[in-house]
Amino acid sequence: FLVKRHGVQFSREASNLANINSFKFSGIANPKAVGIIATEKGAQLVTKVSKKARNPAKLIRKVGLSSQYKKGVATITAELEKKNYRREETVLKEMKITPEEKKRL
């Protein structure tokens, strides 16, 4: 998971949107984590269910995202507000979506 480039340490965890190797951004160490993964059918929002910490098979919850950008962002916002996660603006900034990725979402 650890990548070192030009004196900086990065992380390749799926739930680490900032890709910074620290406890604060770790998706494995924290009870609440958010991630976005690409699948064959499209993008999925991955959240960590803190109540299922002792059952790894049910620990991760996946929600499909719409191929339209605005609907995808609305889904992310609704899911994060419902679960009292950190603000969605922070998550969207950390995702660093480029115009090419907007077309794929």
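What follows draws every value from the coordinates through simple rules; no lab data is involved. Owing to the predicted nature of the structure, the values given are computational and were not obtained by experimental measurement. No Cβ is skipped: glycine too gets one built from the backbone with ideal geometry, and neighbour counts run over all protein chains shown.
Residues that are touching a helix residue (DSSP H, G or I) at 6+ places or on another chain (Cβ under 8 Å) and within 10 Å of Val46 (Cβ to Cβ) within the stretch 56-71 comprise just one, Val63. Sort out which residues of the stretch 32-54 are under 16 Å from Glu13 (Cβ atoms) and not β-branched (Val, Ile, Thr), and write them in order of number. Scanning the stretch 32-54 gives Lys32, Ala33, Gly35, Ala38, Gln44, Leu45, Lys48.
Grab the strands (runs of 3 or more DSSP E) fully contained in the stretch 2-81, keeping just those with 2 or more residues being surrounded by 11 or more Cβ atoms within 10 Å (Cβ to Cβ) and on the phi < 0 side of the Ramachandran plot. First the steps, then the outcome.
On the way: elements: 2-5, 8-11, 34-38, 43-48, 60-64.
Fully inside the stretch 2-81 and qualifying: 8-11, 34-38, 43-48, 60-64.
Remark: Thr75 matches the filter, which requires a residue to be within 15 Å of the chain's Cα centre (by Cα) and over 25 Å from Ser11 (Cα atoms). Of all residues in the stretch 40-90, those satisfying the criterion of being within 22 Å of Ile28 (Cβ to Cβ), in contact with an Asp or Glu (Cβ under 9 Å, 6 or more places away or on another chain) and of a type in the set (Val, Ile, Thr) are Thr47, Val63, Ile76.
Residues of the stretch 31-59 that are touching a strand residue (DSSP E or B) at 6+ places or on another chain (Cβ under 8 Å) and not hydrophobic (A, V, I, L, M, F, W, C): Pro31, Lys32, Gly35, Lys41, Gly42, Gln44, Thr47, Lys48.
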